[in-house]
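As structure tokens, the structure follows; a few thoughts come after it.
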Amino acid sequence: MRSFSRLNLKLILHLLGLLLAVNAGFMLLSALVSYIYDDGVVLQMFNAAIVTLAIGSVTMLVTKNHRKEIQKREGYIIVTFGWLCMSIFGTLPYLFTGAIPSITNAFFETMSGYTTTGASILSDIESIPEGVLFWRSITHWIGGMGIIVLAIAILPLLGIGGMQLFSAEAPGPGGDKLHPRITDTAKRLWVIYVSYTLIETLLLKLAGMSFFDAINHSLSTLSTGGFSTKNASVAYWNDQPIIQYIIIIFMFLAGTNFVLSYFAFKTKFSKVLQDDEFKWYTIAIVSFTVIATLLIYFKADISLSSIDHPMVWGRFESALRHGLFQVLAIVTTTGFVSADYTLWTPFLAVFFFGLMFLGGSAGSTAGGIKIVRHLIMIKNGILEFKRSLHPNAILPVRYNNRAVGQPIVYNILGFFILYMLSFIMGVLVFSWLGLDFKTALGGAASTLGNVGPALGDLGPVNNFGALPAAAKWWASFLMLIGRLELFTVLILLTPFFWRNR
């Protein structure tokens, strides 16, 4: 028997209303930006905020007498439908201002923002009003740390514990806590997140960016999103290497577990340096950068690769900077573009395509499979050779000098299989909808991994605007399940989830 009778529907609706109220607050902030820059859409931005706030407030008011008890099923529903509600109402600033008049395009852009994918349908970004561009970047920033984690910090006011939501928001391996209370963990993570954003904004401003460009790119960098205020993305500043190096540093930090940032701020550097994932994340970035740099230096057609000239510190510095920048942009799934990497030799195009499946660290704002999952799968694979020779030996997978339980290993293997099946299904559907093989392949990897730029017609210098409407909705679905790490969304499609217990 299937039934909603055991679900705490009032609580679910109450929290969805709360998320919309938070959404409206950021819309009002965007309306203020419109007013400051006098971009002509202040009223429309304000109206979008009022509509969202009214619906969110009424929903909260009607459901205020809810049962203050949350179970795991409610957690999954709140996370998934919270993301959908935020994305639906997040389209209003685009629709009300006319910046993106199509509902399909507006939803795609909004979902790309909240999921920190950074794929865009806009062909002339610089013509969009400042308030709308700020809203576009803010959707990244909200989604980066997780709108649900933000709500967890507010839940104590409602007398509700938020552990179920946290596990649904971040279902991956690794459960390091900064504080035994999950709400305090969320608050500390947000302090770090906000601090990094402000520091990067200041540094970019000092390096020569306008304040508007600096704050927008900081919002996109720390969320590993990739929306830019320029049509050429970060390639616009190719003649100012210091700007790109600043973004490189913060992309690296954003792709690192934020818990490690907390330990670093507390001067517990040994915990950072001894972390297996951080070590291999750093090794991977350095190794891939060496490969990319050498190939760009010796093989790339500089005249076609958009590498800047005159070269500030010579050809090698330029190759190193662009190689490092694009490796980090893809691995951390930020998706900023400093050059068209598809023109750097066919090997590098395939190389960067492969990096789309890597992902950043668990506990970071990056998308993708995550370094820790790859690490545990590789260790388990190596141990399988030993187990075949010594079938009676007990050989546990070890991570950070601790044995990893078999259920976690099985979960990771299951996740990887489900991820690859989702990728294959993504390619098949894109192909069925008319995309050529190269574009379908890149589009599925990019949207599922929340990367942004892809291959073919969706390459670094192109956008997703030419996709058929059905392909944009499919891409939006892939972005959603990729951002919520598959299980959170796909479990809602199973019949046993809705059965009475």
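The values are calculated or read from the model by the stated rules, or taken from the named source; none is laboratory data. All of these numbers come straight from a predicted model, not from anything done at the bench. All Cβ positions, even for glycine, are placed from backbone atoms using ideal geometry, and neighbour counts span all protein chains on display. Quick note on the areas: whole protein, heavy atoms, side chains included, nothing else; ligands and nucleic acids left out. Shrake-Rupley method; radii C 1.70, N 1.55, O 1.52, S 1.80 Å.
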Using 1/(1 + (r/R0)^6) with R0 = 45 angstrom and r between the beta carbons of residue 428 and residue 384, what's the FRET efficiency to the nearest 0.05? 0.90
Given 0.36 nm per residue, what is the gain on full extension from residue 291 to residue 102 after removing their alpha carbon distance, in nm? 63.8 nm
Taking H as built 1.01 Å from N, whose amide H comes closer than 5 Å to the amide H of residue 398, not counting residues under 5 places away? 404
Label point at residue 126 placed 7 Å out along Cα→Cβ; residues across segment 213-236 whose backbone nitrogen lies under 11 Å: 230-233, 236
Heavy-atom accessible area order for 188, 402, largest first, 1.4 Å probe: 402, 188
Value of relative contact order over the chain, rounded to a whole percent, pairs C-alpha under 8 Å and six or more apart: 17
Hydropathy at least -1.0 by Kyte-Doolittle, axial extent at least 27 angstrom from the Cα trace: which helices of the chain, defined as entire DSSP H runs, fit? 9-37, 42-62, 182-207, 276-298, 371-389, 406-432
Distance in nm between pseudo-label sites at residue 61 and residue 231 (7 Å out along the Cβ direction from Cα): 4.7
Under a 1.4 Å probe, counting only protein heavy atoms, residue 361 has an accessible area in Å², nearest 10, of 0
Say R0 is 22 Å: what FRET efficiency, to the nearest 0.05, do residue 6 and residue 493 get from their beta-carbon distance? 0.70
Quote the charge dipole size of the chain about the Cα centre in Debye, to the nearest 20; the model charges only the Cβ of Lys and Arg (+1) and of Asp and Glu (-1). 2260
Placing unit charges on C-beta atoms (Lys and Arg positive, Asp and Glu negative, everything else neutral), compute the dipole magnitude of segment 58-117 about its Cα centre in debye, rounded to 20. 340
Out of the total accessible area of segment 1-151 (probe 1.4 Å, heavy atoms of protein only), what percent is carbon and sulfur? 65
Set the Förster distance to 22 Å, then compute FRET efficiency between residue 273 and residue 403 from the Cβ-Cβ distance, nearest 0.05. 0.55
Options 229, 478, 294, ranked by Cα towards positive dipole end of the chain, top entry (Cβ charges): 478
Solvent-accessible ranking of 316, 336, largest area first, probe 1.4 Å: 316, 336
Calculate the length of the line joining the C-alpha centroid of segment 227-272 to that of segment 438-464, in whole Å. 23
So what does residue 184 come to for accessible area, using a 1.4 Å probe and Å² rounded to 10? 30
Among the lysines, which have Cα under 25 Å from the Cα of residue 230 when same-chain residues fewer than 8 positions away are ignored? 205, 472
Which log10 I(q)/I(0) values, to two decimals, does the chain give at q = 0.06, 0.07, 0.11, 0.13 Å⁻¹ under the Debye formula with one point per Cα? -0.26, -0.36, -0.92, -1.32
Using a 1.4 Å probe and ignoring any ligands, DNA or RNA, find the accessible area of residue 315 and quote it in Å² to the nearest 10. 90
Let me spell out the model: positive unit charges on the Cβ of Lys and Arg, negative unit charges on the Cβ of Asp and Glu, origin at the Cα centre of segment 360-488. What dipole size does that give, in debye rounded to 20? 520
With unit charges on the beta carbon (Lys/Arg positive, Asp/Glu negative), name the residue among 47, 345, 125 whose Cα is farthest towards the positive pole of the charge dipole of the chain. 47
For residue 109, what charge total do you get from the other residues with a beta carbon under 10 Å from its beta carbon, if Lys and Arg give +1 and Asp and Glu give -1? +2
Which of 251, 60 is most accessible, then next, and so on - probe 1.4 Å: 60, 251
